[in-house]
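Peer 1: If you scroll down you'll find the structure; I have some questions about it.
The values are calculated or read from the model by the stated rules, or taken from the named source; none is laboratory data. None of the values given here were measured: they were computed from a predicted structure. Reconstructed Cβ throughout: ideal geometry from the backbone, glycine too, with neighbour counts over all protein chains shown.
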Amino acid sequence: MVAGLHAEVAEGVGTVVIDRPEKRNAMSADMWRSLPGLLDDLAANRAVRVVVLTGAGGNFSAGADISELSDIHRDDDSHLSSVAERALAAFPKPTLAAIEGYCVGGGCQLAAACDLRFAAADARFGITPAKLGLVYPAGATTRLVRLVGPSAAKYLLYSADLVGAGHALRIGLLDEVVPGDGLRKRVAEFAETLASRSLLTQQATKGIVDAITAGGPVEEETRRWLDEMAACGEHVEGIAAFLERRAPDFPWTGTPRP
């Protein structure tokens, strides 16, 4: 794996670490390039039930490495950051961003592509193309607008100002702010909870919710997952475990049938 980016797997949780603390975890071109392949490996690993994206050294990510911007930012569809963002958004299992310190530019782009975002109370957020005269990619802008709404998206993109965790929570950029130094414990506990739940239910939820927000074929997506549930018997085990007052041993760990 490329320097500055690595993954760890333990007890059903895959943790992707942006590890370039001397640059506040700014993402180099090689790091952007390697993220989709790393995610593919985690998606194929049946031991992985949930993925946490985080940064080393007290920061999430200061975004794209400005010194490599000409390589990272090409035309809109082939932006290295956009390709990585799409791979993260399409990851089939639940994804959580655990955010400390700076979450700026491309870092915020990655956090927004996760399913859920948890942050320390002193985290700082910003989307800064207006400081550089850049046009924010269409996919990232669409995702941001769906997440926070058009007015809040314009506020962030027009100003390029950094905002605190309270502001980010209020506009919907965050799902939870954790006080003190409890972020990693809280995210670990929540990831453990998700790893114990039905992966089929989670992947079905992800597919259906994404279809709703994209204006896609919601009924078709739902039917596909209902058929999958009936075929694998996930609900049979879930109901039996509930009635027997025991933890379920859900059978479904793979990808849906074509």
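Peer 1: Return yes or no: is Gly63 out of contact with any Leu (no Cβ under 7 Å at 6 or more places or on another chain), modelled with pLDDT of 95 or more and small (Gly, Ala, Ser)?
Peer 2: So Gly63 does not fit the description; no.
Peer 1: Could you pull out every one of the helices (runs of 4 or more DSSP H) wholly within segment 23-127 that has 2 or more residues that are under 13 Å from the mean Cα position of the chain (by Cα) and hydrophobic (A, V, I, L, M, F, W, C)?
Peer 2: 29-44, 80-89, 106-113
Peer 1: Within segment 144-177, which residues are more than 16 Å from Asp115 (Cα to Cα) and touching a strand residue (DSSP E or B) at 6+ places or on another chain (Cβ under 6 Å)?
Peer 2: Result: Leu162, Val163, Ala165.
Peer 1: Being in contact with a Pro (Cβ under 8 Å, 6 or more places away or on another chain) and over 17 Å from Val13 (Cβ atoms): is that true of Ala241 here?
Peer 2: Yes, satisfied.
Peer 1: Go through (1) farther than 24 Å from Gly254 by Cα; (2) assigned to a loop (DSSP other than H, G, I, E, B); (3) touching a strand residue (DSSP E or B) at 6+ places or on another chain (Cβ under 9 Å) and name the single condition Val17 misses.
Peer 2: (2)
Peer 1: Report whether or not Lys185 is in the same structural domain as Arg49 (by TED's automatic domain parsing) and either part of a loop (DSSP other than H, G, I, E, B) or within 25 Å of the chain's Cα centre (by Cα) (or both).
Peer 2: So Lys185 passes the test.
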